[in-house]
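For reference, the structure is listed below as structure tokens.
The values are calculated or read from the model by the stated rules, or taken from the named source; none is laboratory data. Remember, predicted model here, so these are calculated numbers, not experimental data. Please note: Cβ atoms are built from the backbone with ideal geometry, for glycine as well, and neighbour counts cover all protein chains shown.
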Amino acid sequence: MKANSKKIFSNQTGVHENLEKTVLRHLESSFLKPINDHTRFAFDVVSSQIAKVNKPIVLDACCGVGDSSRALARQFPDHWVVGVDKSASRLSRERDEKPPENLILVRADLNDFYRLAAEARWQPSHHFVLYPNPWPKAEHLKRRWHGAPVFPYMLKLGGLLELRSNWRLYLEEFRQALVLAGHTGVLNAYDARVPITPFEAKYKESGQTLWRLTANLS
């Protein structure tokens, strides 16, 4: 039986009319919101752990229950895979298999974690943002990653950036935001033969087209 995940509906018919103005404003200014103590502590713990063994970093943002992070840790056994999510409940979901030794799951606010990582000059080899909350209403542009003030800090990390979504418009907007920042992204349909997140599995089983945006920011 196929899943019956609903398609995303939006009151936008195309790229948001305020995208360029919003992105340029963030690119030309600093994000001054104070960093919360919890995320600063979490970042310091992760930094201490990865400093013990010098390996490249794979960052899995908005990792949810961590299934994608586990899959990436198996795919990149000679890297640290750092999965970040704001929900302790999601991150604490138990799995039958023993977690890979190169996996680190951390509860943190990514708006703060990204800035701390950029300040610490992290340069992940790969940076994944898989099926982020689409915030499909037009008035929620600033809640999408490319419309948020933290967007420039995401790009400062460099590496190979990969986003996936079942809403093409989200990735089209992100690609245009990349162009405004001086980068080029490639957007195409994605065949998830072996889904690595619960959302990816659900959308695939529902017969929805999955989309992938990649950009080399190095």
Determine whether S218 is at pLDDT below 95, more than 16 Å from D67 (Cβ to Cβ), among the hydroxyl-bearing types (S, T, Y) and in contact with a strand residue (DSSP E or B) (Cβ under 9 Å, 6 or more places away or on another chain). yes
Here's a check for you: in the stretch 97-146, which residue that is of a type in the set (V, I, T) and more than 19 Å from T214 (Cβ to Cβ) is nearest to the chain's Cα centre (by Cα)? V106
For the stretch 185-198, state whether one or more residues are out of contact with any Lys or Arg (no Cβ under 9 Å at 6 or more places or on another chain), of a type in the set (G, A, S) and touching a residue at least 24 places away in the same chain (Cβ under 8 Å). no
